[in-house]
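Everything on this sheet refers to the single structure shown next.
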């Protein structure tokens with residue numbers, strides 16, 4: 001499975017989540033090889049755009065209905081373990097952040113820091129989608145609310161989140 005398959009799946013998840021607008025809860029997805037999914041469920045082929053044109057190593061995402069990450073997504077993910085049939089997983093979530101020059105002004109208390117960031121005039125809203133695979137690949141994509149036409153991407157975009165996701169595949 002190539003890193004390109006993971007990146008393509010994450011970009012598709014971001015587009016899917018983006019259709020719902022902003023201010024959404026965290027959403028969790030299983031990633032499975034599309035070929036295996038279609039072999040198990042041939043009726044799903046009609047839902048794919050030109051399944052014959054899919055790369056051999058394409059990944060399909062399956063949203064996990066009922067996932068409730070709440071404000072403590074890391075804790076919610078820590079309690080998840082995927083079966084061997086799941087090749088990878090991804091999470092989409094939104095966060096607020098402030099520029100680095102403001103970080104020194106953040107209160108130590110987490111609740112006060114959250115309020116400070118939420119009301120700061122330089123705060124930014126960001127949607128990140130981070131995914132990992134059983135082979136150790138990890139990647140992330142992000143979109144700023146203020147620049148919806150740009151998609152940021154990197155292998156180590158949110159390393160702490162990728163690490164927690166990786167543990168769900170070995171549980």
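With a cut-off of 8 Å between alpha carbons and a minimum separation of six or more residues, what is the relative contact order of the chain in percent? Numbers along the way, then the final one.
Working: 278 pairs, mean separation 44.5, N = 171.
Reported as a whole number, the value is 26 percent.
Over the residues of the chain, the helix contribution to mean residue ellipticity at 222 nm works out to -9000 deg cm²/dmol, using -39500 (n - 2.57) for each DSSP H run of at least 4.
Please report 22, 82 as a ranked list, fewest other C-beta atoms within 10 angstrom at the top and most at the bottom. Don't jump to the answer; show the numbers that get you there.
Numbers: 22 12, 82 18.
Ordered from fewest to most neighbouring Cβ atoms within 10 Å, 22, 82 come out as 22, 82.
Shape class for region 3-170, computed from the alpha carbon gyration tensor (a ≥ b ≥ c): prolate, with a/c not under 1.5 and a/b above b/c.
With the highest mean first, a sort of the peptides 60-69, 8-17, 146-155, 120-129 on other beta-carbon atoms found within 10 angstrom per residue produces 8-17, 120-129, 60-69, 146-155.
Rounded to the nearest 10 degrees, the angle from helix 159-170 to the longest Cα principal axis of the chain is 40 degrees. Between helix 110-119 and the chain there is an angle of about 90 degrees, using the helix long axis and the longest principal axis of the Cα atoms.
Readers should treat all values here as calculations from the given coordinates under stated rules, not as data from a laboratory. Fair warning: this is a prediction, and the values are worked out from it, not measured in the lab. With ideal geometry, Cβ positions are generated from the backbone for all residues, glycine too; neighbour counts draw on all protein chains shown.
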